[in-house]
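Just below is one structure, and these are the notes that go with it.
Taken together, the values in this text are just the output of simple stated rules run on the coordinates, not laboratory data. These numbers come from a predicted model, not from an experiment. Neighbour counts are summed over all protein chains in view; Cβ atoms, including those assigned to glycine, are modelled from backbone coordinates with ideal geometry.
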Amino acid sequence: MEEAVVSSVAMSDIVTAELSIWGLFVESDLVVKVVMIILLFCSFWVWAVIVEKVLRLRRLDELTTGFEKRFWSGGSLEDLYDRTGDKPSHPMAMMFAAAMREWRRSSVSGTRRVDAERGAHLQQRIVRAMEVTLAREQGQLERYMGYLASVGATAPFLGLFGTVWGIMNSFQSIAATKNTSLAVVAPGIAEALFATALGLVAAIPAVVAYNKLTNDINRYTDRLDNFATEFEAIVSRQLDEPRSVYGPDAVGPDAVGSDAVGKSA
C-alpha cells in the first residue's frame with residue numbers, strides 16, 4: 001500500500017514537471033518546438049510593430065496639430081516655409097514644402113507674366129507634388145500593416161497544426177505503451193493546447209491592432225488629403241486674382257502670403 005502511494009506521488013511530480021511551461025517546450029516534439037518558436041517570434045514582432053505605430057501616430061498627430069495652427073495663423077506662407085526647412089519632420093509639412101518648392105521653382109524660371117493656361121499648369125504641378133508626397137508618406141505609415149494582417153490570419157492555423165501534431169504524439173504514446181493513464185496522455189495533449197494558446201496570443205493582438213491602426217492611419221491620411229485640397233484652393237484663388245494672373249509679379253513667392261491664408265480661412 002505504501003509503495004502504491006509513493007509511486008502515485010512520484011508520478012504526480014513527474015506530470016507536474018512536464019506540464020510546466022518550460023517543461024512543455026523542452027519535452028515537446030521537434031515539430032511542435034518549431035511551431036512554438038515561430039509563434040513566439042511572431043508575437044514579439046507584432047507587439048514591436050504595435051508599439052512603434054502607436055507612438056509614431058501619436059507624435060505625428062501632435063506635430064500636425066501644431067503645424068496647422070501655424071498655417072492658419074494668418075502669417076506669410078513664405079515665412080512658414082523658411083521655418084519648416086528642407087527636411088520637414090511630418091507628412092503635412094512635407095506636402096506643404098513640396099508645394100512651395102514647386103511654386104518657387106516656377107518663379108525662378110524667369111516668367112514674369114502668366115496667362116490662364118500656364119497658371120492652370122502651375123496649379124496641376126503643385127497638386128501633383130502634394131499627391132506624390134501624400135502617397136509616399138501613406139506608404140510609410142502602412143508599412144508592416146500587412147504583417148499584422150498575415151499574423152492575425154495565419155497564427156491560429158499554425159497553432160492548430162501544432163495542436164494536431166501534439167495529439168498525434170499522444171495517440172502514438174498510447175499505442176506504444178498500451179496505457180491510457182494521465183501520465184501517458186497528458187504531456188502530448190498539453191503540448192497541443194499550448195501550441196494553440198501561442199497561436200491565439202499572436203493572432204488576437206495582431207487582429208485588434210490591425211483594425212485600430214488602420215482606422216487611425218485612414219483618419220490621418222484623410223486629414224492630409226483635406227489639407228491638400230485646402231492648399232489647392234489657396235493656390236487657385238491666388239492664380240485667379242487679376243493681380244496674380246496679369247500683374248508684373250504673377251508667379252512668385254510673394255503671391256502666396258498672409259492674405260492668401262486669411263481669405264481661405
Using a Förster distance of 51 Å, the FRET efficiency for D61-W22 (Cβ separation, nearest 0.05) | 0.75
Under Karplus coefficients 6.51, -1.76 and 1.60, residue-wise ³J(HN,Hα) of the stretch 143-157 in Hz, glycine/proline x | 5, 6, 5, x, 5, 4, 5, 5, 5, x, 8, 9, 4, x, 6
Those lysines that a straight Cα-Cα span of less than 17 Å connects to K212, excepting residues fewer than 8 apart in one chain = K53
Describe numerically, in nm with one decimal, the distance between label points set 7 Å from Cα along Cα→Cβ at A120 and at D222.
-> 3.2 nm
Which whole-Hz ³J(HN,Hα) couplings does the stretch 82-97 yield from phi under the Karplus relation 6.51 cos²θ - 1.76 cosθ + 1.60, θ = phi - 60°, glycine and proline marked x?
-> 5, 6, 5, x, 7, 10, x, 9, 8, x, 5, 5, 5, 5, 4, 5
Each residue of the stretch 161-171 in order: what ³J(HN,Hα) in whole Hz does its phi give by Karplus 6.51 cos²θ - 1.76 cosθ + 1.60, θ = phi - 60°, with x for Gly and Pro?
-> 4, x, 5, 4, 5, x, 5, 4, 4, 5, 5
